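Note sheet for the following structure.
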Amino acid sequence: MIECSSALHSILYPNRAFTKPPIAKFSLSVRSQPLAGFPGWSLTTGMAFLGALFGCFIAVPIMLFAALGISRRNRVVTRHIERFIRWFLIACSCLAILTTIGIVMSVLFESIRFFRIIPIPDFLFGLEWSPQTAIREDQVGSSGAFGAVPLFAGTFLITVIAMVVAVPLGLMSAIYLSEYAGRRIRTIGKPLLEILAGIPTVVYGFFAALTVAPFIRNNLGFLGMDVSSESALAAGLVMGIMILPFVSSLSDDVINAVPQSIRDGSYGLGATHSETIRRIVLPAALPGIVGSILLAVSRAIGETMIVVMAAGLAANLTANPFESVTTVTVQIVTLLIGDQEFDSPKTLAAFALGLVLFIMTLVLNVIALRVVRKYKEQYE
Amino acid sequence: MQGLIKSKTQTNYFTMLENDNNMPPTLDDSLNSPDFRTLGEVTVPRPIMKTKNVNVFYGEKQAIYNASLDIGKNEVLAMIGPSGCGKSTFLRCLNRMNDTIDICRIEGEITLEGEDIYGRNMDVVLLRARVGMVFQKPNPFPKSIYDNVAYGINLHGLTNSKSETDDVVEDALKRAGLWAEVSDRLNQPGTGLSGGQQQRLCIARAIAISPEVILMDEPCSALDPIATAKIEELIDELSQMYSICIVTHSMQQAARVSQRTAYFHLGKLIEVGSTDLIFTNPGHRLTEGYITGRFG
Amino acid sequence: MSQVEIIQRGIRRRYVVEGMFRACGLSALICGVVFLAFLLITTFVKGYTALQQTYIGLDITPMEEDFDGAVTEETLRRADYGALIKRSLREAFPDVTRRKEKKTLYRLVSSGAQHELRQKLVQNPGLVGQTTTFWVLADDEVDMYMKGNVNVSIPEKKRRFKDHAIELTKRLVQQDRIQLRFNTPFFSRGDSREPEQAGIKGAAMGSLFAILVTMLLSFPVGIAAAIYLQEFAKTNRFTDFIEVNINNLAAVPSIIFGLLGLAIFINLFGLPRSIPLVGGMVLALMTLPTIIISSRAALAAVPPSIREAALGIGASPVQTVLHHVLPLAMPGMMTGAIIGLAQAMGETAPLLMIGMVAFIVDIPGSPLDPGTALPVQIYLWADSPERAFVERTSAAIIILLLFLSLVNGLIVVLRKKFEKRW
């Protein structure tokens, strides 16, 4: 626990106090100008849109059900209303597609504008990231550098640390809970892990920044290692714990899908419990487990609050977990939470990063979901 | 999702126990009397396994009542009876497969070559290596054919070299009558074989570690007639080397493969005798009722 | 060597491995649980002190001169209450004369104290001319010192709370002018730069409005979509596509939904930034997949025999679903929906994107007033350097967690009460 005055606090964590840009305080008035790519709708149009939205999704079903109740006697009317209900249901289902389209559009358009300024190869393969554009035109380095490799590397590093924590712990606790634990431990252990899953990420972020990071810094610092107060290790460790229940419950599902008959076959040959698990159950469940891990990786990559609060802002290209690194999500947040005009490459870069993030997680999810589904079909 | 593992066998047994209510009414009140005795010869001159006064409970419910039955060396013993009569339960007691079910409790004495298999000195791993088992549904591991057979060998460290293992695998597959069909695709998954082949693979897997007794739990119930015929042939051959205890729901099968037959009814061992005798001249009315098809 | 002997030889080693494997599993589980306990305990230890707040009792004698000679409503509002407080402090510590020391003295009292004083006097002008003991908020440094959060062993130079301030505080304690009281401002105020004046009510109201919007939008839509996909849709390319879409949306990082909200709701539709309405809409889109998936599971759990029975007596498919399937599946659907809401309640990243991080003092009165949300408030406070904000952040976390556990308790109750087995 840290026991010190605020002054010391700011000495200990200079980055937290000073280098992080002040969060958009009083930023209400800024950025009301719309994106150049979109038609500028006024507030009233927005409100009208909202009214329509609420009308569609709340009033329509109520009206329909009411009408259905009144028209119980009249077959023809009932049939018409029923058809209407069906269309309403279909419309609701299509909202999922609309959302996806909305996501793609919102990140794609801005990204295209960004890539007009910064060429794609420079963005994807550039080794330097310093989006701070100068205020005056003639200032040196006013263009900023938008090479995203350090961000990808940072994201990768933290994700790897998180997975190193989450996969063994999650898998082993799932195995223990489903294979070994008695009823008592199971009824206690499972909900406890679920609590871990239910804790908001901002809480993990606070914990990582205020408890875990100083702990690592102080303890490993004594070992003669130079540990940054915003080390990748702290963020990765805490993220690993956050993902642990995710891995655990997914692999629990997967392990339980392995049919008992196969286990019995192994026991029948004189295998011990762990031999059966290690040599029969886990290999059989491997595709499903790999799928779960991919889902977990996708989650780690997209996780925002822990890294925003516990990882740094400096885009270091390093593989040293004790150094401070930054991630894609951290940069999206910092780029969009400042006060700057909307057309600068700095702001647009956030959308380009968003596009990359979306594609990465989408690919991982599609593969993972397909693998898991195939795996489960195999034993159905 | 409930999530917590509920062993599939366990659910099976629960449904099985519930089925008891649908059983035909007891034809003989003497079944419920305390001095009920199994008809026929329960003992044999050269036993490999002996069971004495075995009672099995699932929680509160009793599944087997006082069963005593010997398995002779190199004989094929068939266990028949209406479904839910406890024959599978009894079979699973013989290599302690019921240990995996938490609520299962077993009383009585079961010995293998004179050693108490529930005794302190008996290790369950060793026991299961000596008393192999073939299950109702073919359950090859999701591994290659070779690995399926080599699994038990490697587990127990029975061989010292790869070539030795190869030999044992080949021998087991040959004895299971599968070698000719699979010798060219040993590295392909065992799950890709046909049902009958899968079951023979499971038999090969069991005999690869040279057990003394092989327990078979309705090994042909999931197979077509041709595959069944092959397995039955195989059982006949295997009985020269091993003692075999087979549970079957098919009386014809019992008649074809076994030397001795035991008839179970509602958890009680009603009658034991040479197969010829049981099928031609059953001593108990229940046995007669079952084999003549009045219930089943 | 016989086979039995070979097996027996290896058996001991195999059991050792068995034991180790089992121990590994148990320790993994314990690891997770210990971490959970550690997290909860440290948060609680850091945060529970925020339930109390240090108050300083000042004998204040407002004179008519302080109100330009005439006590009217207007002069009462305009008067310099800071001067009143300073005067009272000087009277309490007549020996403090040097300018720098006086400054330290004045800073013991929160800058918000004058507003409190104004409020009290405006409400009760009769207090003018009398000496009354007013209990006003102490500065956050004093508060931290009183709660033992200031490490006195650190050299003064590195300390924000200087030796002189400590001495003055000690004297206040001797004079019985310091009290720890229940921290009402924390529960009744909006955000503030000064930790002692900062409260969570603004954030809580913002959260409430956002969640209300989320609920209103995502419940009907999610349930309707689930009904269509589970009960009416034929399996074809289109419905397959919808399904793939939903499953993928469930795994899209939440920050991407924030980008969607920023680009579509704010820039395209021109909705104002920072309002809970937009936040709620973004959260609704985010929770929709969760709600659809769990609602479908609940519908799938209703046995087909019930549908067949209804169809068999001549009900239309829509009637079958509305009259028979839906009521049976409702508890399960509700559980899923509440799980989605709990998730939305703790979500931060998308709200950052749509500007709900702005520093807003006023407590929002409707979903259209600018506001923030509880998790965002936690993030904002966690980023503030003052030591006193650590305590408030932890307290806000405790409240958020309490709220979430209440919601989860509701889920458990729902499940227990309506759990059906067919």
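Structure above, values below:
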| read-out | value |
| --- | --- |
| C-alpha center-to-center spacing [the range A:209-272, the range C:283-352] in angstrom | 33 |
| Within the accessible area of the range C:91-187 (1.4 Å probe), percent carbon and sulfur | 48 |
| Where labels lie 7 Å past Cα in the beta-carbon direction, separation of residue A:367 and residue C:319 in nm | 5.2 |
| FRET E, pair residue A:112, residue C:38, Förster distance 41 Å, beta-carbon r, rounded to 0.05 | 0.30 |
| Approximate shape of the protein assembly as shown as ellipsoid semi-axes (Cα gyration tensor, √5λ), whole Å, largest first | 69, 34, 30 |
| Extension gain, residue A:257 back to residue A:197 (0.36 nm per residue minus Cα-Cα distance, nm) | 19.4 nm |
| 10 Å Cβ neighbours from other chains, averaged over peptide C:218-230 | 6 |
| GNM flexibility winner over chain C from C:390, C:150, C:252 (Cα, springs under 10 Å) | C:252 |
| Peptide-level mean, for A:270-283, of C-beta atoms on other protein chains within 10 Å | 6 |
| Contact order relative to length of chain C, as percent, for alpha carbon pairs under 8 angstrom and 6 or more apart | 20 |
| Ranked packing of C:93-100, C:181-188, most packed first, by mean Cβ within 10 Å | C:181-188, C:93-100 |
| Fully extended contour minus Cα-Cα distance, from residue B:60 to residue B:113, at 0.36 nm per residue | 15.9 nm |
| Apportionment of accessible area to carbon and sulfur, chain B, percent (1.4 Å) | 47 |
| Cross-link pairs beyond the 29 Å C-alpha cut-off, checked among C:234/C:417; A:374/B:61; C:162/C:201; C:46/C:157; C:120/C:147 | C:234/C:417; A:374/B:61; C:162/C:201 |
| Dipole moment magnitude, nearest 20 debye, chain C about Cα centre, only Lys, Arg, Asp, Glu C-beta charged | 1460 |
| Listing of the range C:23-48 residues, each with accessible area lower by at least 50 Å² in the full protein assembly than in the chain alone (probe 1.4 Å) | C:28, C:29, C:35, C:36, C:39, C:46 |
| Gyration tensor verdict on the range C:165-231 (Cα atoms; rounded if a/c is under 1.5, prolate if a/b is larger than b/c, oblate otherwise) | prolate |
| Residues losing 30 Å² or more accessible surface upon assembly, the range C:387-420, compared with the chain by itself, 1.4 Å | C:387, C:390, C:397, C:401 |
| Solvent-accessible area buried by B and C, counting both chains, probe 1.4 angstrom, square angstrom | 1000 |
| Whole-number percent relative contact order across the range C:51-189, with pairs defined as alpha carbons under 8 Å at least 6 apart | 43 |
| Rounded, prolate or oblate (a/c below 1.5 giving rounded, otherwise prolate when a/b exceeds b/c) for the range C:51-189 by Cα gyration tensor | prolate |
| Value in Å of the Kirkwood radius, where chain C supplies the Cα pairs that are averaged | 26.4 |
| Residues residue C:413 and residue B:105, FRET efficiency given R0 of 30 Å [Cβ-Cβ distance, rounded to 0.05] | 0.25 |
| Rough spin-label spacing in nm, given labels placed 7 Å along Cα→Cβ, for residue A:87 and residue A:188 | 5.9 |
| Added length on full extension, which subtracts the Cα-Cα distance from 0.36 nm per residue, residue C:184 to residue C:170 | 2.6 nm |
| Averaged over B:123-130, number of beta-carbon atoms from partner chains that fall within 10 Å | 6 |
| Dipole magnitude of the range A:264-340 about its Cα centre (Cβ charges: Lys, Arg +1; Asp, Glu -1), debye to nearest 20 | 200 |
| Highest-first arrangement of A:153-165, A:296-308, B:281-293, A:184-196, where packing means the average Cβ count within 10 Å | A:296-308, A:153-165, B:281-293, A:184-196 |
| The range C:146-217 and the range B:190-239: distance between their alpha carbon centers, rounded to Å | 76 |
| Estimated FRET transfer efficiency when R0 is 56 angstrom, pair residue C:6-residue C:309 (beta carbons, to 0.05) | 0.35 |
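The values are calculated or read from the model by the stated rules, or taken from the named source; none is laboratory data. As the structure is a prediction and not an experimental result, all values here were calculated from the model. With ideal geometry, Cβ positions are generated from the backbone for all residues, glycine too; neighbour counts draw on all protein chains shown. These area figures cover heavy atoms from the full protein model, side chains too; ligands, DNA and RNA do not enter into them. Shrake-Rupley method; radii C 1.70, N 1.55, O 1.52, S 1.80 Å.
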